[in-house]
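Peer 1: Next up is a structure, given as C-alpha cells.
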Amino acid sequence: MKYMLLMQFGPQSGIASVDTWSPEDIKAHVEFMHDVNRGLVEAGEFVDAQGLAMPDQARIVRAGEGGVPVVTDGPFPETKEFLVGYWIVDCEGPERAYELAGHISAAPGLNGEPLNMPIEVRQVMAGPPQEL
Amino acid sequence: MNISQPHADDLLRPLAPQVVGVLTRRFGDFGAAEDAVQEALLDALAQWPAEGVPDNPKGWLVQVASRRMIEQVRGEQARRRREELVAARAPAGHSTSPAADRAHETDGDDTLVMLFLSCHPALTPASAIALTLRAVGGLTTAEIGKAFMVPEATMAQRISRAKQRIRASGVPFRMPEPQERRARLASVLHVLYLIFNEGYAASGGLGLHRVELSREAIRLARTLHRLLPGDCEAAGLLALMLLTDARRPARTGPGGVPVPLAEQDRSLWDREAIAEGTALLTAALRRGAAGPYQIQAAIAAVHDEAATAEETDWPQILALYGLLERMSPNPMVSLNRAVAAAMVHGPAAGLALLEPLADGPLAGHHRLHTARAHLLEMAGDIAAAVEDYRAAAGRTAAVPERDYLIMRAARLAARR
C-alpha cells in the first residue's frame, strides 16, 4: 500500500527557525534525512521523495476571463501551514506508515533535540479496484 | 558467450544511429525507423548477454529492426483494411527512394545527420535532449526516463512528439546545406552542452537513479569531434566537458553536498582527463579564432592547472571572462567575471560589478545571492554575507546546494 508522508510547517508548529541552529545541528539534521531515504531504498519501500521550494515563491493561479491564468502571490508562510516536502512509500500497511512518519517526526533540530514535527500520513489511491 | 567481449551496451550504442540511418534511407520514414531500432536494441540487450554477440552486430540490428518495421507497416495496413480504408500511401514504395543507394553515405555521416536532426532548432531543448539520447546515444526510453526522473511513458511520448515535429517541419534526412550548417551545428553543440550540465549539476531530487548523463554527453561530444575533426568549437566543447568533469570526484562530499572549488581535494582530480582536455584545447586554439566553448574550456584549464586554490592564475581567468563577455554577453558570464575581478582586485571591485546584475534577469536568482555572499564574506561583512547565503538557500532548486548554503550561513553566524 502506498502512503504519502507530508512534512508541513507553520507558525503553530512551534519549531525554531533553521536560521537559529548551529552548524552541528544542521549537519545532524541533513545526515538524518539522508539516512531516512537510504533506509527506505534499502527496505524496498521508497517510491519518491521531494523537497519543495520556499513558499515565498509560491503562486496561486486561477483561470480568469477566457481561461487566461490569473496569478497571485501566496499562500503566505506567516498565515498558513505550508508543505515543505513529502515522501511516497510503498509499505505493508498503515502501522508501518505511522512508524516511518514517527521516525521522521523525531528528526534532530536545535541542539539535537527531536523536532517532533507533525507528519501528515495520507493513503495514495493506488489500490486495485475491488469487485463490488 | 565470450566474457572478454566488450559489454553488449558499449558495442550497441554507437551502432544505433548508423542503423537508424540505414533504415531511414531504406524505408523513408525517420520516425518509424527510430522506433524500430529502439525495439531492436531492446531485443539485443535481452538476447546478446545470454546468447553471445553475433558476428556482425550491425547486420543483426539492421535485420531485426527491418523485420520490426515491416511488421509494423503490415499491422498498420491490416488495421486500415479492417477499417475499410484505402491505404493512401504505400510505405514500401519508399524503399526505392534515390537516397537508399547512395554509396557515399558512410556510418559516420549517418551519425552526424542524426545529430543534426535530433538537435534541430524547431525542437524544445527538453525534446531535443530526449531524442538525441535515444536516436544518437542509443539509450533506451526507460534509461532516459530514469535520468530525468519522469515515467517511461512520458519520455516515450516526448520523443514521439519530437519526431512528429521534425516530420511536420519537413526537415529532410540529410546533411544540412552549407549555408545553414553553422547555425545547425551551434544547436547540436548547445544540446550536448545541456546534457552534460544536466548530469554535472545533478540538480533534481535525490539523485538516486541518475544514469551518467555527463559521461553520455562526453561520448557524444567525442563522436562529434571525431566526425568533424577540423571544427574548433566541437573540439572546444569536448575539452570543456573533460576539463570540468575531471573535478567530479572532488566536487561533492558525503550526501552529495557540494564542495567549492577552493576547498576541493585536488589530488582527486582526474589527471588523465585534464591532460586530454588540455591537449585538445591547445590544438584547437592553435588553429585560429577561438569561440565561446574554447574560452570556457580555457578557463576550466586554468583552474585545473593550479596545484592549490591559492596558485590559481586569476588575472588570466579575469581576462578570459572579459573576452567571453564580449563574445557572447550573458548575465551568468558577467557574474563569473565579477567573482574573478574580486579575486584579482579585491571584493569591493567584484561587488561593484555585481551591483548592476541585481536589476537584470538574475534579480533574485540564487547564483547572484551566492556570489554576493562569497564576496561579502571576503570583505568581512559577515552579517550581510549570512543574509545572502540564506536568501540563496531559499531560492535554489537543489537540495544538496540548499544544505550547503544553510550550513555556510550557520558557520558564519556562529563565528560572529
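Peer 1: Which FRET efficiency, nearest 0.05, do B:Glu272 and B:Ala348 yield, Cβ-Cβ r, R0 35 Å? Show your work: numbers first, answer last.
Peer 2: Values: r = 40 Å, r/R0 = 1.15.
The formula returns an efficiency of 0.30 here.
Peer 1: While we're here: If you average over every viewing direction, what projected area does the convex hull of the Cα atoms of the protein assembly as shown give, in nm²?
Peer 2: The Cα convex hull of the protein assembly as shown, projected and averaged over all directions, gives 33.4 nm².
Peer 1: In whole Hz, what ³J(HN,Hα) sequence does the stretch B:377-382 give by Karplus (6.51, -1.76, 1.60; θ = phi - 60°), x for Gly and Pro?
Peer 2: So the J values, rounded to whole Hz, are 4, 4, 7, x, 8, 5.
Peer 1: With no solvent and one point on each alpha carbon, what is the Debye value of log10 I(q)/I(0) for the stretch A:26-105 at q = 0.11, 0.18, 0.22 Å⁻¹?
Peer 2: -0.47, -0.87, -1.03
Peer 1: May I ask you to sort A:Tyr3, B:Tyr200 by Cβ crowding, counting other Cβ atoms within 10 Å and putting the fewest first? Numbers along the way, then the final one.
Peer 2: Values: A:Tyr3 24, B:Tyr200 17.
Placing the least packed residue first, the sequence is B:Tyr200, A:Tyr3.
Peer 1: While we're here: Across the stretch B:404-416, in residue order, what do the Karplus-derived ³J(HN,Hα) couplings come to in whole Hz, using 6.51 cos²θ - 1.76 cosθ + 1.60 with θ = phi - 60° and x for Gly and Pro?
Peer 2: 4, 5, 4, 5, 4, 5, 5, 5, 5, 4, 5, 6, 5
Peer 1: Apply the Karplus parameterisation 6.51 cos²θ - 1.76 cosθ + 1.60, with θ equal to phi minus 60°, to every residue of the stretch A:47-61 and state each ³J(HN,Hα) to the nearest whole Hz, in sequence, with x for glycine and proline.
Peer 2: Once rounded to whole Hz, the list reads 10, 6, 8, 9, x, 9, 5, 4, x, 5, 9, 6, 10, 9, 10.
Peer 1: Which whole number gives the average count of other chain Cβ atoms within 10 Å of the Cβ atoms across peptide B:391-399?
Peer 2: Mean inter-chain Cβ contacts per residue within 10 Å come to 3.
Peer 1: Provide a whole-number value for the mean count of partner chain Cβ atoms within 10 Å of the Cβ atoms in peptide A:50-56.
Peer 2: Averaged over the peptide's residues, the number is 4.
Peer 1: At most 12 other C-beta atoms within 10 Å and a DSSP loop state: those are the exposed GluC sites (Glu not before Pro) I care about. Give me the longest piece of chain B that has none. Numbers along the way, then the final one.
Peer 2: Numbers: sites that count: B:Glu83, B:Glu84.
Longest gap between qualifying sites, sites excluded: B:85-416.
Peer 1: Simple spin-label model, 7 Å along Cα-to-Cβ: A:Asp19 to B:Ala289 in nm?
Peer 2: About 5.1 nm separates the two model spin labels.
Peer 1: If you don't mind, there's one more thing I want to ask. In nm, to one decimal, how far is the A:Asp35 label point from the B:Ala307 one, both placed 7 Å along Cα→Cβ?
Peer 2: 4.1 nm
Peer 1: Okay, moving on. With each label point set 7 Å from Cα along the Cα-Cβ vector, what nm distance links A:Arg122 and B:Arg326?
Peer 2: Computed distance between label sites A:Arg122 and B:Arg326 equals 5.7 nm.
Peer 1: Which ordering of B:Leu238, A:Leu115, B:Leu376 is given by a fewest-first count of other beta-carbon atoms within 10 Å?
Peer 2: A:Leu115, B:Leu376, B:Leu238
Peer 1: How long, wide and thick is the stretch B:320-416, going by the Cα atoms along their three principal axes, in whole angstroms, largest first?
Peer 2: 41, 29, 21
Peer 1: Which Cα, out of B:Ile70, A:Tyr86, B:Leu354, lies furthest along the positive dipole direction of the protein assembly as shown (beta carbon charges, K/R +1, D/E -1)?
Peer 2: Of the candidates, B:Ile70 comes out farthest on the positive side.
Peer 1: Something else: For the residues B:Thr282, B:Thr370, B:Thr132, what sequence is obtained by ranking on other C-beta atoms within 10 Å, fewest first?
Peer 2: On the way: B:Thr282 13, B:Thr370 24, B:Thr132 29.
Ranked by crowding around the Cβ, least crowded first: B:Thr282, B:Thr370, B:Thr132.
Peer 1: Turning to a different aspect of this structure: Expressed as a whole number of Å, what is the distance separating the alpha-carbon centroids of the stretch B:284-329 and the stretch B:221-255?
Peer 2: 15 Å
Peer 1: List the aspartates and glutamates whose alpha-carbon lies under 17 Å from that of B:Lys58, not counting same-chain residues fewer than 8 positions away?
Peer 2: B:Asp9, B:Asp10, B:Glu34, B:Asp35, B:Glu39, B:Asp43, B:Glu105, B:Asp107, B:Asp109, B:Asp110
Peer 1: I've got another one for you. What length, rounded to one decimal in nm, is gained on full extension from B:Leu42 through to B:Arg161, with 0.36 nm per residue of separation minus their alpha-carbon distance?
Peer 2: Residue separation times 0.36 nm, minus the Cα-Cα distance, leaves 40.7 nm.
Only the coordinates and a few stated rules stand behind these numbers; no lab work does. Being a predicted model, the structure only gives us computed values, none of them experimental. Because the Cβ atoms are built from the backbone with ideal geometry, glycine has one as well, and the counts that use them run over all protein chains shown.
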